[in-house]
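I have placed the structure first, in the form of structure tokens, so that the comments after it can refer back to it.
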Amino acid sequence: MTQSSMKVSIILATYCRDDLLSTTLQGLADMDVTDLDWEVLLVDNAGNDETARISESFSTRIPLKFLVETAPGKNNALNAALHHASGDLIIFTDDDVVPDPGWAKALIDAASRWRGAAMFGGRILPKFPDGMSSPPIDDPVFKRIAYVISDGDFEEGECPAGKIWGPNMMVRRQVFDEGLRFDTNIGPSGNSYVMGSETEFLQRASNAGHIAVYIPSAVVHHQIRPEQLTPSWLYGRAFRVGRGLAYHDQSTSVLKIKKWMLREIAVLFVRYIYYCVLGTESEKLNNGIRFHKMRGHIYQCNKGRN
């Protein structure tokens with residue numbers, strides 16, 4: 001099947017982030033879509049009048065379908081959009097992402113080259129506010145997760161499902177035709193939630209035998225907001241990361257609080273308080289991140305997988 005014969009559906013959910021959404025839709029409008037048969041499904045998870053107005057303002061530049069799904073949670077919105085998607089290929093992104101002009105074509109071309117693969121992902125680069133940069137986070141893994149950065153030095157080829165991240169992923173329709181959907185118990189919903197919903201979905205698809213491929217030429221840029229550079233935001237993010245690590249832990253089928261966790265959080269709390277009083281801002285930040293990540297881990301162990 002050639003590129004021109006494949007219908008493509010681009011799906012994104014949004015929730016009261018109209019300024020960011022406008023930039024994202026402008027990026028989609030600026031893409032190279034020569035010879036593409038495509039559609040964009042925008043799902044408003046809030047029922048916001050301003051979001052509807054913004055959608056309408058792009059309706060002459062993008063083949064846009066505007067949907068409303070008010071059941072809370074991004075995954076409810078994505079699952080709802082799948083009922084309306086007509087594409088052979090389903091591309092997912094977020095409402096705070098700006099794609100490179102060749103982004104969609106890079107993914108679609110890859111589907112022609114890798115006919116045996118069903119899941120594709122590319123690079124996600126941070127777009128910091130003008131004149132601002134990342135805080136001094138000393139844990140590179142947490143920094144990538146916090147700002148959704150996927151910029152590994154990988155060549156095009158097969159990869160673990162976990163190398164593909166939600167703002168830049170494409171899935172063949174056949175995966176959804178088999179009945180797989182996003183888990184509505186996890187993913188963005190309010191201020192506290194289990195992270196890693198797209199990764200969890202892709203891992204289930206991988207367990208079902210579907211192959212993932214990394215496409216470094218498919219690039220999007222993640223818009224970082226000023227508040228995301230503050231310690232309070234990073235502590236909240238660390239808490240959600242900790243919840244996700246516990247929820248997705250493959251080494252145990254039953255989540256429960258263990259003694260070592262209580263010892264660890266006690267040590268981390270004392271260390272955090274010490275650096276709050278006597279440390280530098282960088283030491284305070286990084287010890288706070290470690291403390292709140294463990295706090296989230298313990299919280300999820302107490303909550304379980306329900």
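The values are calculated or read from the model by the stated rules, or taken from the named source; none is laboratory data. Keep in mind it's a predicted model, so treat the numbers as computed, not measured. Cβ sites come from the backbone with ideal geometry, for glycine too, and all protein chains shown count toward neighbours. We work out accessible area using only protein heavy atoms, side chains counted, and drop any ligands, DNA or RNA first. Shrake-Rupley method; radii C 1.70, N 1.55, O 1.52, S 1.80 Å.
For segment 152-229, give me every one of the strands (runs of 3 or more DSSP E) that falls completely inside it and has 2 or more residues that are open to solvent by 40 Å² or more (accessible area, probe 1.4 Å) and under 27 Å from S133 (Cα atoms).
The qualifying strands (runs of 3 or more DSSP E) are 212-223.
Consider only pairs whose beta carbons are under 6 Å apart and that are at least six residues apart or on different chains; among these, list those whose first residue lies in segment 89-116 and is over 14 Å from G166 (Cα atoms) and whose second residue is open to solvent by 10 Å² or more (accessible area, probe 1.4 Å) and of a type in the set (S, T, Y).
A106/S217
Using beta carbons and a limit of 8 Å, which pairs, at least six apart or on different chains, have the first residue in segment 283-306 and over 15 Å from A146 (Cα atoms) and the second one of a type in the set (S, T, N, Q) and part of a loop (DSSP other than H, G, I, E, B)?
From segment 283-306, the pairs are R305/N185; N306/N185.
Do you know which of the residues in segment 261-288 that are of a type in the set (A, V, I, L, M, F, W, C), within 31 Å of the chain's Cα centre (by Cα) and open to solvent by 90 Å² or more (accessible area, probe 1.4 Å) is farthest from D138 (Cα to Cα)?
L262
Checking Q223 against (1) closer than 22 Å to G296 by Cα; (2) among the polar types (S, T, N, Q); (3) within 13 Å of the chain's Cα centre (by Cα): exactly one of these is not met. Which one?
Of the numbered conditions (1) closer than 22 Å to G296 by Cα; (2) among the polar types (S, T, N, Q); (3) within 13 Å of the chain's Cα centre (by Cα), the odd one out for Q223 is (1).
So, of the residues in segment 117-144 that are assigned to a helix (DSSP H, G or I) and free of Cβ contacts under 8 Å to residues at least 12 places away in the same chain, which turns out to be nearest to V33 (Cα to Cα)?
R144
Quick one: C301 ticks every box in (1) open to solvent by less than 70 Å² (accessible area, probe 1.4 Å); (2) part of a helix (DSSP H, G or I); (3) in contact with a Gly (Cβ under 9 Å, 6 or more places away or on another chain); (4) not small (G, A, S) bar one, so which box is it?
Looking at each condition in turn, C301 falls short on (3).
Scan segment 19-26 and give yes if some residue there is within 24 Å of R173 (Cα to Cα), more than 17 Å from the chain's Cα centre (by Cα) and open to solvent by 10 Å² or more (accessible area, probe 1.4 Å), otherwise no.
no
Being in contact with a Ser or Thr (Cβ under 7 Å, 6 or more places away or on another chain) and open to solvent by less than 20 Å² (accessible area, probe 1.4 Å) is the filter here, so list the residues in segment 100-121 that pass it.
A106, the sole residue that qualifies.
Show the residue pairs meeting these rules: Cβ distance below 6 Å; 6+ apart or different chains; first residue within segment 61-86 and within 20 Å of D177 (Cβ to Cβ); second residue crowded, with 19+ Cβ neighbours inside 10 Å and among the hydroxyl-bearing types (S, T, Y).
That search, which allows pairs on different chains as well, returns N75/S197; A85/S9.
Within segment 141-151, count every residue that is open to solvent by less than 80 Å² (accessible area, probe 1.4 Å) and either touching a strand residue (DSSP E or B) at 6+ places or on another chain (Cβ under 8 Å) or over 23 Å from P188 (Cβ atoms) (or both).
5
Failed condition for A246, given (1) part of a loop (DSSP other than H, G, I, E, B); (2) open to solvent by less than 10 Å² (accessible area, probe 1.4 Å), with all others met?
(1)
Mind checking which residues of segment 94-146 are in contact with a His (Cβ under 8 Å, 6 or more places away or on another chain) and of a type outside the set (D, E)?
Matches in segment 94-146: V97, V98, P99, A117, A118, M119, I124, L125, P126, K127.
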